[in-house]
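**Student:** Can you keep this structure in mind? I'll have questions shortly.
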Amino acid sequence: MSDVDPRLRERFAAYRAETISQIAGPGPDQARRTLRRRRQAKAVTVAVTAIVLAVAPIVANAALRNDGSVPTPAQTGEPTTPPPSAPAPTPSTPLTPSTTTTTSPAAPDGRISRAQLLAARVDLPAWPSYARNCATSDVRLRPPTHTMGVPALEDLDLNYTDLDSDGATETVALLSCPIGEASAKQLVAFDRDGHGRIVTMARVIGTAEGLDDITDAAVTEDGKVRAQVADLQPCCSMPSYWAQNQWRTYRWHDGRFTQSDGPRSFGTDPRLTDLVLTGGDLVLGPAGTDGKRPGILSLSLSNTGPVDVAHVGFAGIDQIGAMSKADSSICVPWRGGDESGATCRTAGLRAGERRAYTFHLLVDPTALNRPSVRVVHFDDQDRRWQDLTRTNNFVEVRVAP
């Protein structure tokens, strides 16, 4: 190669070196650089895939809700500060304004058992004027009692309903207070306060003049109280069937109970009539050997109505003298023993009818002590009744000279 120009050889050597460098395989440094680029590309690909997988459900949920907003994924690392020239981002306005719901505290449960009510101390509404000795302040209720002035919880079932429309239940109970052989009564509503203590809400209805008894009670689902009241409270020898009973309805209004339905007065008992007894002259005959004298007692009876009377009885005749057997056809001894005092019963009178009666007696004049006779009304069940005007049901017996 000596015949080759030295300058040509140098050019050929330079060209070969350049060409070999272009086609030679990568060395260790080149391989490391290539691997590093591939790892970086794979990391970027994995990160992008993770972000897509995280954002996809959110976007899908927003689409399903028809919600136009898509939450921005949480950033990691240091936040990027926008360049000074960029305007500050404007907060987005929620599609639905945020509201704060204020819930009133639940009303306390006023359902009170009999045992709980008997164990509590309560203040009671005032008793009627004729029972002013009955306690009202810091009262411990007792089971039914005959102790004067001590309020008691009657055996009537307690009733439960929402009386004041507060969403909670209250309790209605019948209380009594003995004032002799009878009792003052009142139907009272009880509740609990915010601390769970039993408190008196108000009186529903109480006994008063002309309203002598409360016999039953019930409540309705819409918060009303029904009370069965009576014009008489049977005691002593008074029959229970004498009382007129009515159902009256009460509701809570303006902080108290007022009557909303039912009759407001009793009026005249339609089962009663007016019997008028007159006469009473006793004519005595001559005395016998025993000093007793035959006597004739004349009476007159009218039924001024409005009710027919099935039977009439006479009380007090046996205090005047022994009845003659001749009178047994019109008057037989009364077999009742019913506190009426009648010793003789006979046929009754229709309304508007009048009848005269003559009784033949054997009288001991020395035993007469202001004698009198009284008439009694009996129905067809042999029950005795009061009279509309009791003052004209008796006469004083006058002994004729």
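The values are calculated or read from the model by the stated rules, or taken from the named source; none is laboratory data. The model shown is predicted, which means the values in this text are computed figures rather than measured ones. Cβ placement follows ideal geometry from the backbone for every residue including glycine, while neighbour counts extend to all protein chains displayed. Please note that ligands, DNA and RNA were not included when accessible areas were found on the heavy atoms of the full protein model with its side chains. Shrake-Rupley method; radii C 1.70, N 1.55, O 1.52, S 1.80 Å.
**Student:** Quick one: net charge around LEU158, please, counting Lys, Arg +1 and Asp, Glu -1 for every other residue with C-beta under 11 Å from its C-beta.
**Tutor:** -2
**Student:** Considering only the other residues whose Cβ falls under 14 Å of the Cβ of VAL307, what net charge follows from Lys and Arg at +1 and Asp and Glu at -1?
**Tutor:** Once positives and negatives cancel, what remains is -3.
**Student:** Using the beta-carbon distance between ARG271 and ARG111 and R0 = 41 Å, what value does 1/(1 + (r/R0)^6) give for FRET efficiency, to the nearest 0.05?
**Tutor:** The pair ARG271/ARG111 has a calculated efficiency of 0.50.
**Student:** Determine, for each peptide in 118-125, 317-324, the mean count of other beta carbons within 10 angstrom over its residues, then list the peptides with the highest first.
**Tutor:** Descending packing order for the listed peptides: 317-324, 118-125.
**Student:** I'd like the carbon and sulfur percentage of the solvent accessible area for the range 254-374, probe radius 1.4 Å, heavy atoms only, ligands and nucleic acids excluded.
**Tutor:** So the carbon and sulfur contribution to the accessible surface is 50 percent.
**Student:** Could I ask something else about it? Just to verify a number: FRET efficiency for ASP254 and THR215, C-beta to C-beta distance, R0 = 22 Å, to 0.05?
**Tutor:** According to the calculation, E is roughly 0.20.
**Student:** Compute from the Cα atoms of the range 179-327 the Rg and the Dmax, the latter being the longest Cα-Cα distance, and quote both in angstrom.
**Tutor:** Here Rg and the maximum Cα pair distance are 25.9, 89 Å.
**Student:** Would you work out the relative contact order for the range 111-175, in percent, from Cα pairs under 8 angstrom that are 6 or more residues apart?
**Tutor:** 27 percent
**Student:** Given points 7 Å out from each Cα along the Cα-Cβ axis, report the THR145 to GLU339 separation in nanometres with one decimal.
**Tutor:** Roughly 2.6 nm, to one decimal.
**Student:** Keeping all protein chains in place, calculate the accessible area per residue for the range 201-278 (probe 1.4 angstrom), answer in Å².
**Tutor:** Solvent-accessible surface per residue comes out at 49 Å².
**Student:** Report in % the part of the accessible area of the range 155-196 that belongs to carbon and sulfur, leaving out ligands and nucleic acids; probe 1.4 Å.
**Tutor:** Whole-percent figure for carbon plus sulfur exposure: 37.
**Student:** Within the set of other residues whose C-beta is less than 12 Å from the C-beta of THR249, count the net charge using Lys and Arg as +1 and Asp and Glu as -1.
**Tutor:** +3
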